[in-house]
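Here is the structure we will look at.
Only the coordinates and a few stated rules stand behind these numbers; no lab work does. It should be emphasised that the depicted structure is a prediction, and the values quoted were computed from it without experimental measurement. With ideal geometry, Cβ positions are generated from the backbone for all residues, glycine too; neighbour counts draw on all protein chains shown.
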Amino acid sequence: MNATEHAYHIIRNDILTGALKEGERLTETRLSEDLGLSRTPIREAIGRLTLEGFIERQSGYTTRVAYFPEDEAEQIYEIRRLVECYSVQRAARLATEEDIAKLRSIHAAMKKDTPPPDQAAYQRLTAANEEFHRTIVAAARSPRLTALMTTALDVSMVVRTYSMFSEKDLQRSLNHHEEIIQAIEARAPEWASSVMSAHLLAGAARVVEHIAHQSSPKE
């Protein structure tokens, strides 16, 4: 991994996890010092993250972590639903035995961590959940879908929001994953798509509820 890629992944992860807050000012000098890199890869990483919507350029040379609109979560989950329902339909037709075995392995790992006993388990669940969804898109055998999903899954702020889900939410999600695998194994595209749609609608509803609760006036 070159210096620009290294800077890109670190800065993006800090935004996704909330280590860099919405609206926080970013300077090449500060990031260069924090990451121990020269300003050139930092500048290139900022440019890429700006194009992807993670960073905003303001007047002059000021750059800040982007503010996400109130309906951002709804928008992104709907985009994901459209992309992933189509992806899982293709996966139900095209997935190999190796693809299905990988989904089974990821599911088993997530089952062990549900309910998560500590923050480390939440982090493992987050990573495994992302891998599960990316594996389905990869099984769809479409570079275009992979490119769309990369941006949609990143911007959906999965890393930032996964710990908001209750034990009941996590168990429901796990059950959805199991049924999605069953539908892919059965080579049933419509079944797979309907479960994926329910899965993402449930996730979106929980995230929107959490955001509304956070923004409501406190007594």
For the chain, what value does the Rg/Rh ratio take when both radii are computed over Cα atoms and Rh is the Kirkwood radius, given to two decimals? 1.00
Mean 1/r over distinct Cα pairs of region 56-144, inverted to a Kirkwood Rh in Å, yields 15.6
Can you list which of the DSSP-assigned H helices in the chain have a Cα extent of 15 Å or more along the long axis and an average Kyte-Doolittle score of at least -1.0? 3-17, 39-51, 72-94, 97-112, 119-139, 143-155, 189-215
With only helices counted (DSSP H, runs n ≥ 4, each -39500 (n - 2.57)), the per-residue ellipticity at 222 nm for the chain, to the nearest 500, works out to -24000 deg cm²/dmol
Counting other beta carbons within 10 Å of each residue's own, what order do Thr126, Thr17, Thr29 fall into, fewest first? Thr29, Thr17, Thr126
With charges set only on the Cβ (+1 for Lys and Arg, -1 for Asp and Glu), what does the dipole of the chain come to about its Cα centre, in debye to the nearest 20? 360
Amide H of Ile55 versus every other amide H placed in the peptide plane: which residues, excluding those fewer than 5 positions away on the same chain, fall under 5 Å? Thr50, Ala66
What Kirkwood Rh does region 86-186 have if only Cα atoms enter the pairwise 1/r average? Answer in Å. 13.9
Rounded if a/c is under 1.5, else prolate if a/b is larger than b/c, else oblate: which is region 30-102, with a ≥ b ≥ c the root eigenvalues of its Cα gyration tensor? oblate
Shape of region 3-65, Cα gyration tensor, a/c cut at 1.5: rounded
